[in-house]
Amino acid sequence: MSDKKTDQIPLTVALLTYNRCGSYLKKAVEAILAQSYREFEFLVLDNASPDDTAQYILSLDDTRIRYVRNAPGSSVEFNYMSAYHLARGHRIIVTHDDDIMERDMLETQMQFMDTHPEVILAWTGVTLIDGDDKVIGANHHTLADSRVFQPGEYLLNFLYSRLWPVPSTIILDRRYSLTWQIGLHYFNTKTVKKSRRGKQVEGAEDALFPARANVKHAVAFIAKPLMRYRLHLHQGTNNVNLSTPSIYLYKAMKRLARKSPLAQQYDALFDSYVDRFRLQQKMTGLERYPLHPATRQSLRKQARSWSRQISDCAEAFYPILPLFILHQLISDDVDDLSPVSSQHCPSPDKSFTNATQAFYAWYRKRVGGGSAADGLDATKKVAILGSALVAALLIIDLKRAGIEVVACLESNVSRQGEHYWAYRLFQSTICHSPTHRSSRWC
């Protein structure tokens with residue numbers, strides 16, 4: 001990184017593409033070339049697209065463009081790692097062919113990094129759009145203000161806020177020797193092997209990328225929606241079991257936290273998230289309800305174990321709330337497993353996600369003898385719109401109250417199409433959810 005030629009290039013923008021010339025690629029390229037910040041090389045990495053991608057890119061008259069076409073059969077991982085091998089800029093951002101940069105994105109990021117030289121990696125907020133460029137909403141996994149995380153702080157903050165970076169917005173400073181390794185870790189060999197064995201853990205790397213950097217260096221979030229991030233039916237994450245990557249993620253973050261200034265003081269909190277997603281994995285894979293006696297006993301044992309570890313509602317209690325809700329739903333003897341029944345436990349503060357706040361309110365209602373069915377007309381039929389674990393718990397709670405559940409619907413519109421879930425809401429007479437196995441319970 002010290003040769004004169006490299007010193008003349010402040011930034012590399014690497015665009016990964018495959019077979020989207022007829023859909024999203026041109027909009028992504030036009031947005032990059034129209035950036036208010038212009039001092040960058042534009043590296044287009046084409047994974048042997050069978051469409052007109054090569055003709056389109058080579059027809060563009062812009063000296064910043066470097067076009068690289070991989071051999072047929074090259075993997076997504078190879079294309080990503082090629083960006084770090086081929087880039088000549090001090091900083092690099094690796095983006096994708098279905099996302100659209102706002103005109104001031106690169107300028108804002110470069111100015112932020114110049115102002116905060118201790119930061120080696122930064123990402124931004126996004127605006128969510130669908131396959132037709134229609135705005136769906138804001139990225140909810142954000143903070144209200146920009147923030148620099150000193151070593152270890154992002155790892156801890158993620159436990160509460162799940163501040164999940166959008167990979168297309170991550171800019172990395174490569175002047176530090178460690179950053180080269182961080183970049184290649186994004187699709188490291190171990191992760192690829194796990195994915196090829198069917199474990200599908202690659203989604204976790206979105207958060208592990210800044211987490212690895214944050215072990216010894218500062219990272220930052222820029223609280224401005226600087227990219228239009230596209231959600232559409234053809235994204236690979238639509239077919240991923242979300243439990244497995246989350247288990248992998250929190251185990252990996254626990255190991256990283258031990259290497260950071262946090263040491264081991266948050267081990268229990270990381271463990272509680274691992275057990276939460278293990279519970280989700282178990283619940284969404286069950287074939288029957290009522291639960292098999294052996295399954296009920298296993299869940300009771302797990303709840304008792306966590307009850308012994310929690311003293312006066314330690315922070316580790318909040319992530320594992322769904323386990324205690326489930327235990328209340330399947331057992332009539334919960335007095336010894338009610339950490340908040342003594343009124344000594346305050347509600348989780350605003351640093352926790354909305355989901356945690358909602359689980360806490362549900363748990364308190366159950367402790368008081370209430371139910372999720374309170375206030376519902378028992379003569380009506382109910383459709384559940386929500387995630388896998390929420391749906392599984394609601395099915396049990398509502399059925400215990402004698403309320404009929406007729407459908408379980410995917411809450412993410414991008415997974416099913418704009419009109420699919422609405423159709424199911426009004427037309428379904430049986431429980432059906434193509435993406436969640438919990439539907440078998442209805």
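The values are calculated or read from the model by the stated rules, or taken from the named source; none is laboratory data. In this text, all values refer to a predicted model and were calculated from it rather than measured experimentally. Cβ sites come from the backbone with ideal geometry, for glycine too, and all protein chains shown count toward neighbours. What goes into the accessible areas is simple: the full protein's heavy atoms, side chains included, and nothing from ligands, DNA or RNA. Shrake-Rupley method; radii C 1.70, N 1.55, O 1.52, S 1.80 Å.
Remarks
- Between M227 and E102, T127, the built amide H atoms are under 5 Å apart, and every one of these is 5 or more places off in sequence or on another chain.
- Entries in K134/K381; K282/K399; K224/K350; K282/K381; K216/K254; K26/K134 that, when Cα-Cα distance is taken, lie over 24 Å: K134/K381; K282/K381
- Residue separation of Q265 and V76 scaled by 0.36 nm, minus their Cα-Cα distance, works out to 64.3 nm of gained length.
- For segment 1-146: rounded, prolate or oblate by the Cα gyration tensor [a/c cutoff 1.5]: oblate
- If the segment from A48 to T115 were pulled out straight at 0.36 nm per residue, it would be longer than the present Cα-Cα gap by 20.2 nm.
- Estimated inter-spin distance, A223 and L376, nm [label 7 Å along Cα→Cβ]: 3.7 nm
- The simple Förster model, with R0 at 45 Å and r as the Cβ-Cβ distance, assigns E30 and A358 a FRET efficiency of 0.65.
- Net dipole in debye of segment 30-124 [+1 Lys, Arg Cβ; -1 Asp, Glu Cβ; about Cα centre; nearest 20]: 380 debye
- Expressed as a whole percent, the accessible area of segment 52-99 that falls on carbon and sulfur atoms is 55 (1.4 Å probe).
- Difference of contour (0.36 nm per residue) and Cα-Cα distance, S146 to Q309: 55.1 nm
- Estimated FRET transfer efficiency (R258, S161; beta-carbon r; R0 22 Å; 0.05): 0.60
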